Amino acid sequence: ASYRRVVDHVGRSPLILGVTATPQRSDREQLGDVWQQVVYQRGIAEMIRAGYLADVRGVRVGLQANLDDVAQSGGDFHADALGAALEEASAPRHVLAAYRQHAPGRKTLVFAPTVAFAHRLARVFRDAGIAAEALDGTTPTEQRRAILDRLRAGDTRVCVNVAVLSEGFDEPSVDCVIVATPTRSQVKYIQCVGRALRTFPGKQDCLVIDVVGVSERL
């Protein structure tokens, strides 16, 4: 609705150009209701080949979590039920093992389904001697900035978050993403992976570790 107000305000202009990183929307609103034509588009694979984005390498780690009975809300999994199912499957231990095996030392963002799960996962990493912190929507602004500053500086190697850093967050030095929250949303998955796609001096690739089977469906 906020974008529509802007378009309505400038509606008398001879040409209005819209730009979006997510042409596929998860709220089922149709961009075609506002825009008549796609005049230019460029996909992730094209941007990688052109050198604008880092190459992607994926690792899928099997986690025996039963998601068949997990409730859904708004077309995606219900967060609390999802967190419980992952805890039952000992997901924090598996995520730590996956990091140690495939991404030791990498600067990593972990996407978690619930606040409790995120903070528990960060503790599991810290107990293993890996500098890790967690943040969520309730984290005070100054504390959030301090956490992200430590991530940028490299003092923190793993940052676990809950729906905070999936969009609008730019830290090109991040070179690993661990997807620890199942999702049915293509947009959400692309946004998570995209956090590690930016190029950075010395960065070889973007490593995506999928511990919840998202890459099997999306």
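The values are calculated or read from the model by the stated rules, or taken from the named source; none is laboratory data. Just so we're clear, the structure is a prediction, and the values are computed from it rather than from any experiment. Every residue, glycine among them, receives a Cβ derived from its backbone with ideal geometry; neighbour counts consider all protein chains shown. For the accessible areas, the whole protein counts, side chains as well, though only heavy atoms, and no ligand, DNA or RNA atoms are used. Shrake-Rupley method; radii C 1.70, N 1.55, O 1.52, S 1.80 Å.
Worth pointing out:
- Looking across the range 116-163, the residues that are surrounded by fewer than 20 Cβ atoms within 10 Å (Cβ to Cβ) and within 16 Å of the chain's Cα centre (by Cα) come down to Asp136, Gly137, Leu148, Ala163.
- Per the listing Ile209, Ile147, the residue uniquely touching a residue at least 60 places away in the same chain (Cβ under 8 Å) and more than 27 Å from Thr20 (Cβ to Cβ) is Ile209.
Residue by residue, here is whether (1) of a type in the set (Asp, Glu); (2) at pLDDT below 85; (3) closer than 30 Å to Arg157 by Cα; (4) not in a helix (DSSP H, G or I) holds:
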| site | (1), (2), (3), (4) |
| --- | --- |
| Val39 | no, no, no, yes |
| Val59 | no, no, yes, yes |
| Ala98 | no, no, yes, no |
| Gln101 | no, no, yes, no |
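- In the range 147-160, the condition of being assigned to a strand (DSSP E or B), farther than 18 Å from Lys203 by Cβ and touching a Cys at 6+ places or on another chain (Cβ under 9 Å) is met by no residue.
- Subset of the range 1-33 (residues that are among the polar types (S, T, N, Q), within 19 Å of Gly168 (Cβ to Cβ) and out of contact with any Ser or Thr (no Cβ under 8 Å at 6 or more places or on another chain)): Ser2, Thr20, Thr22, Gln24
- Number of residues in the range 164-197 that are in a loop (DSSP other than H, G, I, E, B), among the aliphatic types (A, V, I, L, M) and either in contact with a His (Cβ under 7 Å, 6 or more places away or on another chain) or touching a residue at least 40 places away in the same chain (Cβ under 8 Å) (or both): the value is 5.
- Glu216 fulfils the conditions (1) touching a helix residue (DSSP H, G or I) at 6+ places or on another chain (Cβ under 9 Å); (2) at pLDDT below 95; (3) open to solvent by 70 Å² or more (accessible area, probe 1.4 Å) except for a single criterion, (1).
- Residue match in the range 41-51 (condition: at pLDDT 75 or above, in a strand (DSSP E or B) and not aromatic (Phe, Trp, Tyr)): no
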